[in-house]
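Engineer: Can you keep this structure in mind? I'll have questions shortly.
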Amino acid sequence: MARKTPLLQGTLDVLILRALATGELHGLGVSRRIEQMTKGAFVVKPGSLFPALHRLEEAVWLKSFWDASENNRRAKYYRLTKAGSQQLDEETAEWNRIALAMSRALEG
Amino acid sequence: VLPRWLRNLRQRRELERDLDAELAAHRDLLIDEHIKAGATFASARRAAQLEMGGLEVVKDGVRDVRASASLESWLRDVRYGLRQLRRAPLFAASVAITIGLGLGVFGSAFTILNAYVLRPVDLPNPYQLYALNWDTATERRHRFSLVDFEALRDNAPFFSGLIAEEEAPVMQDGNPAIGLLVTGNYFQVLGARAAMGRLLAPNDAIPAGGGAVVLSHAEWRSHYGADPTIIGREIVLGQQHVTVVGVAEPGFGLAGEELINFWAPLTMARAFKAADVWSDRDKPSLLVVARMREGSTKRQVRAWFDVWLRQRFPSSSESAPVAVYVESRATHIPLTGPIVTLLSLLVLAFALVLLIACANVTNLMLARAFGRQQEIAIRLSLGASRVRIVRQLLIESLTLAIPAAAVGLALVTVTVRVFPLFIVDTFPEGFGPVEQVMQPLDLDARVMAVLFVTALTSAVLVGLTPAVRLARANLVSASKGEGSLSGGGSRLRKGLVALQIGACVLFLVCATSLIDVSMRMANANTGLSYEHVLEALVAPPQLRAKVADRLRSDPAIERVAAVWRAPLSGPMSPIGVVASHTRIEQIAGFLVVSPDYFSLFGIRIVRGRPFTALEGDEGAAVALVSEATAHVLWPGLDPIDQTLDLVPARVRVSTGRRRPTYSSVRVIGVTSDVVSGMPADGFDKTCIYFATSVRSSDDLTMLVRGGADMTALKASVTAAVNAIEPDAPFQSIPIRTFVSGLLWIFQAFSAAASFLGVIGLLLAFSGTYAVVAFLVTRRTREFGVRLALGASPVRIVVAILAETLRTAVLGIGVGLMIAAALARIFIDTIPIIPKFSVLPYLVATAVVVMAAATAALIPSLRTARIDPSRALRVE
């Protein structure tokens with residue numbers, strides 16, 4: 001039950017939202033998509049993935065539903081809600097601002 | 001739409017099932033991935049499981065982010081706690097019953113306290129009502145004259161209403177009744193409501209009186225059989241024909257006015273032969289109650305009233321104030337300093353029962369905690385945080401608060417029913433209408449809140465120490481079953497046992513002291529033959545003299561005497577005297593009696609003579625002394641014709657006690673020793689009799705001796721009074737009724753104290769027993785070793801006993817000291833408590849020592865049966 005630092009937690013949340021921006025995915029799909037997006041920099045373990053998915057769902061940024069998976073198993077899928085994509089836009093902007101500020105600070 | 005946390009809570013099961021399915025699907029997808037990459041099914045599954053990590057950790061993580069997360073975890077703790085308790089039902093029951101007993105005792109005491117002391121009178125804004133009065137140099141609680149009252153009323157900035165009242169005792173069909181004569185605004189200012197008809201209004205208080213009265217509810221029921229047609233009827237009170245306009249609500253009446261039978265306008269004072277404030281407007285006979293204006297404070301009122309009094313009565317005036325009182329009339333028992341002290345002590349005594357019940361249970365919990373170290377150690381090593389463990393253990397003891405509170409509430413409910421019945425059943429007949437003074441015992445919101453809070457507090461109190469100790473446990477030694485609870489824990493355990501034993505001693509000292517006093521009172525040989533004596537209070541002196549003469553001519557009456565205050569009705573008044581010849585100075589008890597007093601009570605004149613009738617009439621400067629007094633003042637000398645110089649009273653006489661005004665008196669006789677003060681105090685250490693007569697103009701109690709039939713005797717007195725002045729008010733009570741009333745008070749308190757004593761003893765016994773039994777079980781191995789090494793079982797038992805008694809002695813010492821200190825406070829605050837006696841302390845100590853020894857002996861005898869070879873294998 002150890003808490004992540006807010007920054008890391010925020011990072012994971014943005015990554016999940018981003019991963020789902022292009023379409024609905026199940027848990028493993030989200031995890032793989034993040035690996036792919038970050039070129040393997042982030043490997044999300046179930047211990048942080050599922051709490052994060054459920055937290056975002058509690059915040060109504062994601063909606064979940066059961067569906068058949070690629071190899072015909074049933075899996076729980078997540079889809080971005082309207083509020084979720086708004087949140088993604090906000091957080092992306094926020095990140096960009098921070099990233100810009102940080103890189104300026106570090107270069108300068 | 002339900003809030004999310006509530007929905008989650010309701011769909012808890014489905015959410016869990018959904019989560020399980022989701023994780024299972026995730027694992028299957030992982031396996032598929034690995035197989036696709038070329039792994040065998042078995043290795044794919046292993047790899048998938050590894051990547052999944054601890055399933056429970058993942059689930060906990062998800063549960064934690066749910067909106068209902070914290071609530072759910074509390075619920076889980078509650079469920080876990082309940083499961084633990086279901087596993088140990090005997091333990092749970094004994095905890096619930098022990099704490100419940102404490103709660104019941106404390107809750108009952110609080111319910112009674114609430115009804116009599118805390119709950120205000122049933123009037124709007126009762127906390128605005130204050131009685132105003134003051135002490136002068138010579139008189140306590142000086143009253144207002146009509147002039148004073150009108151001046152105050154016309155000049156008062158902080159009051160929304162001022163009322164004045166005076167009592168009017170009358171006879172009603174041969175029985176004394178008390179009326180309260182009130183200003184016309186009385187009921188309006190108080191905001192009272194009528195049960196029937198109407199109450200008095202300002203236009204009832206017309207000059208010469210309109211003849212309207214309001215009956216009390218009790219009077220209406222007992223005297224008029226709750227007649228619904230009473231309104232508008234003409235009745236006779238004293239000799240006055242009046243019209244009933246209404247009946248007050250049940251229980252209406254300010255503090256001290258619970259026994260009022262009727263209310264009439266103050267303008268009827270002359271008709272009821274009360275002090276007539278209209279013809280003598282300067283006669284101080286009125287009590288004044290004010291309703292404070294909203295926003296005013298008591299402090300403002302007090303300051304203003306003080307200044308007003310000092311302006312009105314400058315220090316040269318006889319009525320100049322030496323102490324000013326503004327006293328709340330919101331409750332039935334005014335909360336003055338000594339009353340608050342006494343009540344706090346009483347409540348503390350009952351709270352102490354709860355405290356020792358908690359001490360008892362804490363020890364049980366500690367013993368149980370010892371057995372649970374391994375369980376807790378496992379949970380700690382599985383990653384539970386210590387805070388979480390403490391929380392969970394506390395919740396476990398809080399779940400015990402519910403059955404404990406139920407037991408407590410059940411006991412309180414029983415008390416509420418039984419207590420009033422008990423009082424009414426045992427109250428001595430003729431001592432007074434106790435039903436009318438009794439307040440209804442309600443389990444109102446305040447009582448329930450106190451019960452609830454004390455139940456929770458007790459649960460936390462008993463659970464906290466064991467929980468913290470457990471959570472602090474050292475992982476390594478605890479998981480091996482070695483206690484970290486042994487060291488500091490045993491000191492705490494002993495302390496708790498000492499607390500129980502100490503409280504038990506305290507209760508037993510109180511109980512035995514009170515029983516001792518009651519027994520001495522019940523079996524007191526007073527030396528006075530008072531069985532056939534009636535005390536009669538006929539207030540006007542001329543009337544009393546005539547009644548006495550008439551009674552003397554009645555053949556059924558043996559003797560008539562008079563006394564300032566009847567014997568056996570309280571401690572004797574003290575007076576300082578200096579003996580002639582020996583110059584011995586002494587504070588002695590005194591009585592002022594008529595010549596016939598001695599023969600009336602059968603007090604022997606040992607030497608010299610009683611007063612002559614003339615000495616009585618003149619109040620001559622002569623005195624009789626008791627044998628004991630003669631012994632103290634003139635040891636070995638003849639007391640006859642010695643003189644006594646009376647030490648002048650100290651500056652303030654505001655104690656309200658009268659005293660003779662002689663500067664010196666001559667001793668003319670010596671009487672046998674009798675009991676004139678409290679029956680339990682025994683024969684008077686000193687007693688000086690001064691002379692008065694039935695015809696004296698002083699305030700006197702008349703004593704009438706006749707046959708064994710008190711009703712007949714009372715009828716004779718009534719006949720004598722009525723023959724002279726029909727329906728003149730008087731009161732009478734047989735001395736034996738008064739004595740049994742006093743005795744009843746002590747017996748009631750003995751019963752209460754004995755009750756506490758028995759509970760204290762039970763708790764101390766079971767507490768000691770449990771701790772010794774626990775220690776014996778724990779140290780079986782040690783004892784086994786000692787037995788194997790050749791120690792005799794007797795020595796081990798003796799060692800355990802000695803250890804227990806050492807703890808007991810500590811508790812007993814503290815208990816005795818507190819008891820002695822309390823005795824001081826009580827003796828200082830209530831004058832009728834008899835002096836210190838050592839016997840109760842010895843009895844209480846003996847009982848407790850025996851109980852503690854027995855409680856320790858029973859379990860320690862088990863050690864004698866220990867088989868060393870088996871004991872060594874005990875884990």
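Engineer: Just want the answer: with Cβ charges of +1 for Lys and Arg and -1 for Asp and Glu, which residue in B:Leu568, B:Ile501, B:Leu543 is farthest toward the dipole's positive end in the protein assembly as shown?
Structural biologist: B:Ile501
Engineer: Which three numbers, in whole Å and largest first, are the semi-axes of the equivalent ellipsoid of chain B derived from its Cα gyration tensor as √(5λ)?
Structural biologist: That gives 70, 40, 22 Å for the three semi-axes.
Engineer: Using DSSP loop states and a limit of at most 15 other Cβ atoms within 10 Å to flag trypsin sites (Lys or Arg not before Pro), what is the longest stretch of chain A containing no flagged site? Walk me through the intermediate numbers first.
Structural biologist: On the way: sites that count: A:Arg3, A:Lys4, A:Lys39, A:Arg73.
Longest gap between qualifying sites, sites excluded: A:74-108.
Engineer: Lys/Arg Cβ at +1, Asp/Glu Cβ at -1, dipole of the stretch B:1-140 taken about the Cα centre: which of B:Thr40, B:Pro120, B:Tyr130 is farthest positive-ward?
Structural biologist: Comparing the listed Cα positions along the dipole, B:Thr40 ranks first.
Engineer: With a point put 7 Å past each Cα toward its Cβ, work out how far B:Arg12 is from B:Val424 in nm, to one decimal.
Structural biologist: Label at B:Arg12, label at B:Val424, 4.9 nm between them.
Engineer: Taking a temperature of 4 °C and a viscosity of 1.567 mPa s, what whole-number D in µm²/s does Stokes-Einstein yield for the stretch B:540-658 with Rh from Kirkwood over alpha carbon pairs?
Structural biologist: The calculation lands on 79 µm²/s.
Engineer: If you average the C-alpha positions of the stretch B:1-34 and of the stretch B:781-811 separately, how far apart do those two centres end up, in angstrom?
Structural biologist: Cα centroid to Cα centroid, the span is 60 Å.
Engineer: Shape of the protein assembly as shown from its Cα gyration tensor (a ≥ b ≥ c, root eigenvalues): rounded if a/c is under 1.5, otherwise prolate when a/b > b/c, or oblate?
Structural biologist: prolate
Engineer: To continue, here is another question. In terms of the Cα gyration tensor, with a ≥ b ≥ c the square roots of its eigenvalues, is the stretch B:171-222 rounded because a/c is under 1.5, prolate because a/b exceeds b/c, or oblate? Spell out each step's value before the answer.
Structural biologist: Details: a/c = 2.21, a/b = 1.33, b/c = 1.66.
Since a/c reaches 1.5 but b/c is at least a/b, the shape of the stretch B:171-222 is classed as oblate.
Engineer: Around A:Arg74, which amide H atoms from residues at least 5 apart in sequence, or from another chain, sit under 5 Å from its own amide H, with H modelled in the peptide plane?
Structural biologist: Amide H neighbours of A:Arg74, under 5 Å, 5+ apart: A:Ser69.
Engineer: For a footprinting-style exposure proxy, rank B:Ser693, B:Ser316 by other Cβ within 10 Å, fewest first.
Structural biologist: Final ranking by Cβ density, sparse to dense: B:Ser316, B:Ser693.
Engineer: Something else about it: Averaged over every viewing direction, what's the projected area of the C-alpha convex hull for the stretch B:177-295? Give it in nm², one decimal, please. Please report the intermediate quantities before stating the final value.
Structural biologist: On the way: hull surface 31.3 nm².
That works out to 7.8 nm².
Engineer: Once you list every other residue whose beta carbon is under 15 Å from the beta carbon of B:Ala290, what net charge do they have if Lys and Arg are +1 and Asp and Glu are -1?
Structural biologist: Net local charge, B:Ala290 excluded: +1.
Engineer: Find, among the trypsin sites (Lys or Arg not before Pro) in the stretch B:142-230, those assigned to loop by DSSP (not H, G, I, E, B) with at most 15 other beta-carbon atoms within 10 angstrom.
Structural biologist: Sparse-neighbourhood loop trypsin sites (Lys or Arg not before Pro): B:Arg193, B:Arg198.
Engineer: Amide H of B:Val326 versus every other amide H placed in the peptide plane: which residues, excluding those fewer than 5 positions away on the same chain, fall under 5 Å?
Structural biologist: none
Engineer: State, to one decimal in nm², a quarter of the convex hull surface area for the C-alpha atoms of the stretch B:296-454, i.e. the direction-averaged projected area. Intermediate values should be presented prior to the final figure.
Structural biologist: Numbers: hull surface 69.7 nm².
Computed as one quarter of the Cα hull surface, the answer is 17.4 nm².
Engineer: Can you tell me which aspartates and glutamates have their Cα less than 12 Å from the Cα of A:Lys63? Leave out same-chain residues fewer than eight positions away.
Structural biologist: Reachable aspartates and glutamates: A:Glu24.
Engineer: If you don't mind, there's one more thing I want to ask. Suppose every Lys and Arg Cβ carries +1 and every Asp and Glu Cβ carries -1, with no other charges. What dipole size does chain B come out with about its Cα centre, to the nearest 20 debye?
Structural biologist: 4440 debye
Engineer: Run the dipole for the stretch B:621-746 about the Cα centre, Lys and Arg Cβ at +1, Asp and Glu Cβ at -1, nothing else charged, and hand back the magnitude in debye, nearest 20.
Structural biologist: Magnitude of the dipole: close to 340 debye.
Engineer: Using Cα positions and a limit of under 17 Å, work out the aspartates and glutamates in reach of B:Lys494, with same-chain residues fewer than 8 apart set aside.
Structural biologist: Leaving aside aspartates and glutamates fewer than 8 places away in the same chain, those within reach of B:Lys494 are B:Glu803.
Engineer: Name the residue farthest towards the positive end of the dipole of the stretch B:201-299 from the options B:Met292, B:Val242, B:Gly210, assuming +1 on Cβ of Lys and Arg, -1 on Cβ of Asp and Glu, about the Cα centre.
Structural biologist: So the residue we want is B:Met292.
Engineer: So, one more: Once you place label points 7 Å from the Cα toward the Cβ at B:Ser279 and B:Glu139, how far apart are they in nm?
Structural biologist: Rounded to a tenth, the inter-label distance reads 1.9 nm.
Engineer: Moving on to the next point. If Lys and Arg each add +1 and Asp and Glu each add -1, what is the summed charge of the other residues whose beta carbon sits under 9 Å from the beta carbon of B:Lys494?
Structural biologist: Result for the local shell: +2.
Engineer: Related question: Can you compute the helix-only [θ] at 222 nm over the protein assembly as shown? Use -39500 (n - 2.57) per DSSP H run of at least 4 residues, normalise by all residues, nearest 500 deg cm²/dmol. Before the final figure, lay out the partial values.
Structural biologist: Values: 31 runs with 519 residues, N = 983.
Helix contribution divided over all residues of the protein assembly as shown: -17500 deg cm²/dmol.
Engineer: Span-like helices, chain B: DSSP H, alpha-carbon axial extent 20 Å or more, mean Kyte-Doolittle -0.5 or greater, which ones?
Structural biologist: Helices meeting the criterion: B:89-113, B:337-371, B:386-426, B:445-471, B:487-522, B:710-724, B:735-778, B:793-829, B:839-860.
Engineer: Which residues in the stretch B:601-637 have a backbone N closer than 19 Å to a point placed 7 Å from the Cα of B:His581 along the Cα-to-Cβ line?
Structural biologist: Inside the label zone: B:606-610, B:622-637.
Engineer: Of A:Lys45/A:Lys76; A:Lys39/B:Lys59; A:Lys76/B:Lys59; B:Lys283/B:Lys714; A:Lys39/A:Lys82; B:Lys273/B:Lys714, which sit over 26 Å apart, Cα to Cα? List each step's numbers first, then the result.
Structural biologist: Working: A:Lys45/A:Lys76 17 Å; A:Lys39/B:Lys59 28 Å; A:Lys76/B:Lys59 15 Å; B:Lys283/B:Lys714 33 Å; A:Lys39/A:Lys82 28 Å; B:Lys273/B:Lys714 23 Å.
Distance filter (> 26 Å) returns A:Lys39/B:Lys59; B:Lys283/B:Lys714; A:Lys39/A:Lys82.
Engineer: Turning to a different aspect of this structure: Just tell me which aspartates and glutamates come within less than 12 Å, Cα to Cα, of B:Lys546; anything on the same chain fewer than 8 places away is out.
Structural biologist: Once the sequence-local aspartates and glutamates are set aside, what remains near B:Lys546 is B:Glu725.
Engineer: Under a plain spin-label model, where a point goes 7 Å from the Cα along Cα-to-Cβ, how far apart in nm are B:Ala42 and B:Ile333?
Structural biologist: Each label point is offset 7 Å from its Cα along the Cβ direction, giving 8.4 nm.
Engineer: Assigning unit charges at the beta carbon (Lys, Arg +1; Asp, Glu -1) and nothing else, what dipole magnitude in debye, to the nearest 20, does the stretch B:100-189 show about its Cα centre?
Structural biologist: 360 debye
Engineer: Right, here's the next one. Quick one, what does Rg over Rh come out to for the stretch B:206-257 if you take C-alpha atoms and the Kirkwood Rh?
Structural biologist: On the way: Rg = 11.7 Å, Rh = 11.8 Å.
With Rh from the inverse mean 1/r over Cα pairs, Rg/Rh is 0.99.
FYI, it's all coordinate maths here, none of it is from the lab. On a predicted model such as this, the values are computed, not experimentally measured, just so you know. Positions of Cβ are generated from backbone atoms using ideal geometry, with glycine treated the same way; all protein chains shown enter the neighbour counts.
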